[in-house]
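Just below is one structure, and these are the notes that go with it.
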Amino acid sequence: AQSVTQLDSHVSVSEGTPVLLRCNYSSSYSPSLFWYVQHPNKGLQLLLKYTSAATLVKGINGFEAEFKKSETSFHLTKPSAHMSDAAEYFCVVSSGNTPLVFGKGTRLSVIA
Amino acid sequence: KAGVTQTPRYLIKTRGQQVTLSCSPISGHRSVSWYQQTPGQGLQFLFEYFSETQRNKGNFPGRFSGRQFSNSRSEMNVSTLELGDSALYLCASRYTLAGGSSYNEQFFGPGTRLTVL
């Protein structure tokens, strides 16, 4: 069985400060891990993915995440938040042909 | 390359009615998955189709059904609608090799917002 725990339901940061969204996963197999972002009234956009290559993964819009097997974590970071980053972020686990398993999401607010 | 498209974008139905939602995957993608998103339950997997066959199924009642056509387009149907079926229904497609192995990366459409009154 696979599962994802997003440790914060809401994170609030000031514009220009770093962003950290935390995610822990559980998987019986070698997992693929993803971060998706959802802006209000929009579908899901893939930010980045880990598929057993480099443990530090770079994504779009300056986001990156580090896969730490020993900690079963896949935290999402960005050095400097922008107002346009305000959205809902989902950590996702999958392997092989299995469906995606989503965390409950973290709402990121960016304060001017 | 065009993205995943879903129609209609918004629907309002009343309890007891049925509804059909449509999804066109990215060209070349033969796997299509459906997800339900609600504030209370989050994102939940409904089913996945590959080559016109249901490959995976989530834990939803039989009122939820789907199908896939030979051009990879997919539809999902919900019969006897209940208030709790109000949700954003998301379709996602992914690339699958001829042998059936799929890339894990899925691409999502904008969703269909269903409201049941």
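Does A:PHE63 count as buried (at least 19 other Cβ atoms within 10 Å of the Cβ) and within 14 Å of chain B (Cβ to nearest Cβ)? Considered against the rule, which asks whether it is buried (at least 19 other Cβ atoms within 10 Å of the Cβ) and within 14 Å of chain B (Cβ to nearest Cβ), A:PHE63 comes out as no.
Condition check for B:ILE12 on (1) exposed (fewer than 14 other Cβ atoms within 10 Å of the Cβ); (2) within 14 Å of chain A (Cβ to nearest Cβ): one failure, at (2).
For the stretch A:73-91, how many residues are surrounded by 22 or more Cβ atoms within 10 Å (Cβ to Cβ) and free of Cβ contacts under 8 Å to residues at least 60 places away in the same chain? So the answer is 2. Taken as a whole, the structure leaves A:ASN97 outside the set of residues that are part of a strand (DSSP E or B) and either among the polar types (S, T, N, Q) or over 15 Å from the mean Cα position of the chain (by Cα) (or both). Annotation: of all residues in the stretch A:100-110 being more than 8 Å from chain B (Cβ to nearest Cβ) and surrounded by fewer than 19 Cβ atoms within 10 Å (Cβ to Cβ), the one that is farthest from the chain's Cα centre (by Cα) is A:SER109. Taking the stretch B:65-117 as the range and being over 27 Å from A:ASN41 (Cβ atoms), modelled with pLDDT under 95 and in a strand (DSSP E or B) as the test, the residues that pass are B:THR96, B:SER102.
Tallying residues that are among the small types (Gly, Ala, Ser) and either part of a loop (DSSP other than H, G, I, E, B) or in contact with a helix residue (DSSP H, G or I) (Cβ under 8 Å, 6 or more places away or on another chain) (or both) within the stretch A:71-83 yields 2.
Consider the stretch A:9-45 and keep the residues that are without any contact (Cβ under 8 Å) to a residue 40 or more places away in the chain and not polar (S, T, N, Q). The one that is surrounded by the fewest Cβ atoms within 10 Å (Cβ to Cβ) is A:LYS42.
Residues in the stretch B:60-76 that are among the charged types (D, E, K, R) and closer than 17 Å to B:GLU48 by Cβ: B:ARG67, B:ARG73, B:GLU75. Between B:GLU52, B:GLU75, the distinction of being more than 20 Å from A:PHE102 (Cβ to Cβ), free of Cβ contacts under 8 Å to residues at least 40 places away in the same chain and among the acidic types (Asp, Glu) belongs to B:GLU52 only.
Looking across A:LEU21, A:LEU33, A:LEU47, A:LEU7, one residue alone is at pLDDT 95 or above and closer than 17 Å to B:TYR103 by Cβ. It is A:LEU47. With respect to the stated conditions, B:LYS1 is farther than 19 Å from A:LEU100 by Cα, more than 14 Å from chain A (Cβ to nearest Cβ) and at pLDDT below 95.
The values are calculated or read from the model by the stated rules, or taken from the named source; none is laboratory data. The structure displayed is predicted, hence computed values, not measured ones. Note that we place each Cβ from the backbone using ideal geometry, even for glycine, and neighbour counts take in every protein chain shown.
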